[in-house]
Amino acid sequence: MNLIELVTQIDSEEKARKFLEKMRWPKGIVCPRCGHPHISRLEAYHKFECAKCEYQFSVTAGTIFHGTRVALRKWLIVVSLMVESKKGISAKQIERTIGVSYPTAWYMMHRVRSAMKTDGNEASLFGILEMDETYVGGKERGIGPGRPGKRSKNTAILGIIERNGRVQCRAVQNVGMREIMDFATSAVRHGAVDVIYTDQMASYRIFDSVYPHKPVNHVVSFVDGDIHTNGIEGFWSLLKRGINGAFHHVSAEHLPRYLDEFMWRFNHRRGSDSLSILLHGCERHHIAYSELAS
Ligand SMILES: [Zn+2]
């Protein structure tokens, strides 16, 4: 569903509530507290009541949309914009597009990112993998043809990608053997790695005794048949265009949330309706403003 279709469907708060209801409970409403499917409607209060535990709840109860003064219509538009925009969208743009203050836009976007957070059990990459490291936040100087330039390293990110598949990445303090092994262990399905391609950084030698590991020699040959890390490098360029373009400054503290957003969008890039997937999962990872405002 594109933005125009969404805006047309939710031209009132009532319709926005109905829309979210369908997305959240495609098979019928269930009690968020006890899971019971027999629910009565308290139409006058825009609420539901569970026949079993008598819990009264609204369509936004327990979701990222709950407990704010922002209209649900605006929330749904923000979700749609974030899900659809390949390179990400800035809080400044959201501020202008939906008519909220900048801090509100920023807060809304972080709540949406919290619903994009990958569960541990989704992070089980397998098959032919590429792993690479990159740095964000530092200043790049003298980049150009034949001039590698100097980069003041800021925050390091490790990433692993399946050939033509899903990606996982994580911000780390440094790219030592321990960080690399910790991250790989959490991201890949043990025993299901056909091969893992990396660059020739010494830390990746830790893989030699654990996975079928092939370092790629970028100096001799940038692409040697199947032996390359083009997939993860493509993801890095997407991430960096987003961070440098839409977000300008991403503090190290908030970087993991932006990574959640870019991973989510990348891993759902082939989904037919990523908006409904996101809204179906919007109950998870509810975060309070106080957790963000520090
Ligand atoms: Zn109940």
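State whether the residues of the range 172-190 include one that is open to solvent by 40 Å² or more (accessible area, probe 1.4 Å), over 25 Å from residue 258 (Cα atoms) and either of a type outside the set (A, V, I, L, M) or assigned to a loop (DSSP other than H, G, I, E, B) (or both).
Within the range 172-190 (the criterion being open to solvent by 40 Å² or more (accessible area, probe 1.4 Å), over 25 Å from residue 258 (Cα atoms) and either of a type outside the set (A, V, I, L, M) or assigned to a loop (DSSP other than H, G, I, E, B) (or both)), the answer is yes, since at least one residue qualifies.
On the given criteria, is residue 76 in contact with an Asp or Glu (Cβ under 9 Å, 6 or more places away or on another chain) and more than 16 Å from the ligand (Cβ to nearest atom)?
No; evaluated as a whole, the condition is false for this residue.
When both residues are 6+ apart or on different chains and their Cβ atoms are under 9 Å apart, which pairs have a first residue that lies in the range 159-187 and is assigned by TED's automatic domain parsing to the domain that holds residue 230, and a second that is basic (Lys, Arg)?
Close Cβ pairs satisfying both conditions: 159/170; 177/205; 179/170; 182/170; 183/170; 186/170; 187/170.
Check residue 113 against each of (1) within 30 Å of residue 181 (Cβ to Cβ); (2) open to solvent by 60 Å² or more (accessible area, probe 1.4 Å); (3) part of a helix (DSSP H, G or I) and name the one condition it does not meet.
(2)
Can you name the number of the only condition in (1) aliphatic (A, V, I, L, M); (2) away from the ligand (no atom under 16 Å from the Cβ); (3) out of contact with any Asp or Glu (no Cβ under 9 Å at 6 or more places or on another chain); (4) free of Cβ contacts under 8 Å to residues at least 60 places away in the same chain that residue 51 fails?
Here residue 51 clears every test but (2).
Go through the range 28-47 residue by residue and tally those that are in a loop (DSSP other than H, G, I, E, B), within 19 Å of residue 16 (Cβ to Cβ) and within 14 Å of the ligand (Cβ to nearest atom).
2
Return yes or no: is residue 67 more than 17 Å from residue 259 (Cα to Cα), touching a Pro at 6+ places or on another chain (Cβ under 7 Å) and part of a loop (DSSP other than H, G, I, E, B)?
So residue 67 fails the test.
Looking at 53, 31, which one is surrounded by fewer than 14 Cβ atoms within 10 Å (Cβ to Cβ) and in contact with a Cys (Cβ under 6 Å, 6 or more places away or on another chain)?
When all the criteria are applied, what remains is 53.
Which residues, counting only those in the range 135-167, are open to solvent by 10 Å² or more (accessible area, probe 1.4 Å) and modelled with pLDDT of 95 or more?
162
Looking only at the range 54-67, which residues are without any contact (Cβ under 8 Å) to a residue 40 or more places away in the chain and more than 16 Å from the ligand (Cβ to nearest atom)?
Correct list: 67 only.
Of everything in the range 13-27, what is in contact (Cβ under 8 Å) with a residue 24 or more places away in the chain, surrounded by 11 or more Cβ atoms within 10 Å (Cβ to Cβ) and either hydrophobic (A, V, I, L, M, F, W, C) or more than 16 Å from residue 43 (Cα to Cα) (or both)? Give them in sequence order.
If the condition is that a residue be in contact (Cβ under 8 Å) with a residue 24 or more places away in the chain, surrounded by 11 or more Cβ atoms within 10 Å (Cβ to Cβ) and either hydrophobic (A, V, I, L, M, F, W, C) or more than 16 Å from residue 43 (Cα to Cα) (or both), then 16, 19, 20, 23, 24 are the ones that fit.
The values are calculated or read from the model by the stated rules, or taken from the named source; none is laboratory data. Just so we're clear, the structure is a prediction, and the values are computed from it rather than from any experiment. All Cβ positions, even for glycine, are placed from backbone atoms using ideal geometry, and neighbour counts span all protein chains on display. Only protein heavy atoms, including side chains, enter the accessible area calculation; ligands, DNA and RNA are left aside. Shrake-Rupley method; radii C 1.70, N 1.55, O 1.52, S 1.80 Å.
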